[in-house]
1. Failed condition for residue 135, given (1) in a helix (DSSP H, G or I); (2) modelled with pLDDT under 95; (3) within 24 Å of residue 166 (Cβ to Cβ), with all others met?
2. Take the residues of segment 37-58 that are acidic (Asp, Glu) and under 20 Å from residue 15 (Cβ atoms): which is least open to solvent (accessible area, probe 1.4 Å)?
3. If I ask for residues that are open to solvent by 40 Å² or more (accessible area, probe 1.4 Å) and polar (S, T, N, Q), which ones from segment 64-96 would you list?
4. Just the residues that are surrounded by fewer than 16 Cβ atoms within 10 Å (Cβ to Cβ) and among the aromatic types (Phe, Trp, Tyr), please, taken from segment 107-155.
5. Could you grab the pairs with beta carbons closer than 7 Å, sequence gap of 6+ or different chains, first residue in segment 149-168 and in a loop (DSSP other than H, G, I, E, B), second one open to solvent by 60 Å² or more (accessible area, probe 1.4 Å)?
6. Scanning segment 156-173 for residues that are crowded, with 21+ Cβ neighbours inside 10 Å and of a type in the set (Gly, Ala, Ser), which turns out farthest from residue 121 (Cα to Cα)?
7. Checking residue 61 against (1) open to solvent by 10 Å² or more (accessible area, probe 1.4 Å); (2) touching a residue at least 12 places away in the same chain (Cβ under 8 Å); (3) polar (S, T, N, Q): exactly one of these is not met. Which one?
Amino acid sequence: MPIEVIRGKQPRPRRVLLYGPPGVGKTTWASKAPDPLFIDIEGGCNDLDVARTKQITEWTTLASTVQELIRDGGPWKTIVLDSIDWAEKLLHRKLCTENDVKEHELHKAGGGYGAGNNMAAARISKMLDYFATMQAKHGWTIVLLGHAKSQRIDDPERQSYTQWQLDLQDKAAAAVREWCDEMFFACTDVSVEEIEIDKKQGKRVLGKGGTRRRVRTVGTPAIAAKNRLGITTDLPLEWAAYQKFWPGSGYTPPPSEPEPEPDGDKPAQLKTEAEAETF
């Protein structure tokens, strides 16, 4: 039998991560997605008129909630995890309790030498597998919200620099980056102005602006970002500005200059615990 070949862009539900500093508007952005249900861990959507779960405070409750959604479905078109880094905190707390180590000493679990961090990354990877199963069964778009951290990047070919990245443990963050179709960074425009205080104190740099919010869609040395939709410019912090790029939306982006080739580095591959029946 000949191989069936399909050409052209195919409409499909997306997997998108939006991360950034607190208060920038990530939850409001996700609330404008089609028929969203918030898996509420952070308690940040209480002031929005959206469907949400009761606030989840235990990793086991998160696991059972995801499994119930896979099994039972619902009228939703979008599932929003708010937020992925707070989910990781619940996981770390559970693993520390199970391994009889103090909170914030996860690296000592499982015999030490970073085994606890590997265990946690495997569980996060397993959770992403469950979201993929949910998406395949129900056709829902999956939105992960997260916070940002500033992290030093040591590059063997150039001087070290600092980059905004998702605030997860490194291996877990790598799994999330690889899983997502789009990884966006939400920020507020800030300009800087250098003013002279006096002759003794010299000049001082002041931040100004902070009213225009936008989404960074392409990775740079300053931010970790990516997309598979061919978006080459920043977007307003509005869901509709993102969704119009989806295949089948009828929107054709204008031609643009080709982007430089990525560095080709792939995130570390993670293996989930073979014996685990749930994440």
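1. Every listed condition holds for residue 135 apart from (2).
2. We begin by selecting, within segment 37-58, every residue acidic (Asp, Glu); these are 40, 42, 47, 49, 58.
Those left that are additionally under 20 Å from residue 15 (Cβ atoms): 40, 42.
On the way: 40: 3, 42: 49 Å².
The selected residue is 40.
3. If we filter segment 64-96 for residues that are open to solvent by 40 Å² or more (accessible area, probe 1.4 Å), which is where we start, we get 64, 67-68, 71-72, 74-77, 86, 89, 92-94.
Of everything in segment 64-96, those that are open to solvent by 40 Å² or more (accessible area, probe 1.4 Å) and polar (S, T, N, Q) turn out to be 64, 67.
4. 113
5. Listed pairs, sorted by first residue: 160/152; 160/154.
6. Among them, the one singled out is 173.
7. Single failed check for residue 61: (2).
Okay, residues lined up against (1) modelled with pLDDT under 95; (2) within 15 Å of the chain's Cα centre (by Cα); (3) not in a helix (DSSP H, G or I):
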| residue | (1), (2), (3) |
| --- | --- |
| 6 | yes, no, yes |
| 11 | yes, no, yes |
| 43 | yes, no, yes |
| 46 | yes, no, yes |
| 62 | no, no, no |
| 68 | no, no, no |
| 81 | no, yes, yes |
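The values are calculated or read from the model by the stated rules, or taken from the named source; none is laboratory data. On a predicted model such as this, the values are computed, not experimentally measured, just so you know. Note that we place each Cβ from the backbone using ideal geometry, even for glycine, and neighbour counts take in every protein chain shown. Accessible surface areas use protein heavy atoms only, side chains included; no ligands, DNA or RNA. Shrake-Rupley method; radii C 1.70, N 1.55, O 1.52, S 1.80 Å.
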